[in-house]
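Reviewing the structure listed below.
The values are calculated or read from the model by the stated rules, or taken from the named source; none is laboratory data. For clarity, every value in this text was computed on a predicted model and none was experimentally measured. Because the Cβ atoms are built from the backbone with ideal geometry, glycine has one as well, and the counts that use them run over all protein chains shown.
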Amino acid sequence: MTRKKVKKSNIIGIFTDKSATYNLAILETLDKLNRATAWQIAKKIAEKQKPIPNKDMETRSRRIYSVIQRKSGRLNDLADKGYIKENEGLWELTVKGSIALAIKEPEILIALENASKNRVYYEQVTQTINTMPEEVLAAPFGLSVNLAKTKQDFLKTLETLKNNPAVFRIFVEETKKLLADGVNLDRINEFTLFSLLQNRENVKKLLEQQIRATFPNFKF
């Protein structure tokens, strides 16, 4: 008897392990607040949880805070995997984190159609790309990635696409395909993810369409 092969499309490790509930709650909270301290995140998570008999909001918040803030806690684990980052005590989603959340909760994409949200996303992507080290890295499928070239190509792409709300949607859809192809999102950094996306056919097509709309006489 042959076993039926299970399709692993759209599976992201942080949403399947024993810490999945907290991982998702942290990403959802940061999506709503943009930036927050560990204590603010803990309080928001506590507010969404069902009340626990004989435990007030403060007690529940402190319990959650201890789980997410400790050295081996949820915040540091998510940061090590590139889904969130911390700056001067404030945590925020990375672009990789936003993509992962949108894959898990597709309704997030609708919010990105809002112009202001899309602008924030564009600025976040640009900032992340600007921090790319200019070196050659190993990538999935036996590929090598020249980050110096990828960095410049991606910045040009983003500048062309910055007013197009479809960018995030296409990044999400193409990341889903990478997952289906076997890429482990937990194990690749944001730079490698961008490099892989940059070479996806639909991302290239989007860029070409935008260039044609902007420069009708441009020849490819």
Exercise. Can you work out which of the residues in the range 176-193 that are part of a helix (DSSP H, G or I) and within 16 Å of residue 129 (Cβ to Cβ) is modelled with the lowest pLDDT?
Key: 191
Quiz prompt | Among the candidates 56, 80, residue that is modelled with pLDDT of 95 or more and exposed (fewer than 13 other Cβ atoms within 10 Å of the Cβ) | solution = 80
Quiz prompt | the range 84-103 residues that are in the same structural domain as residue 26 (by TED's automatic domain parsing) and of a type in the set (D, E, K, R), paired with ones that are modelled with pLDDT of 95 or more and part of a helix (DSSP H, G or I) (beta carbon under 7 Å, 6 or more apart) | solution = 85/79; 86/79
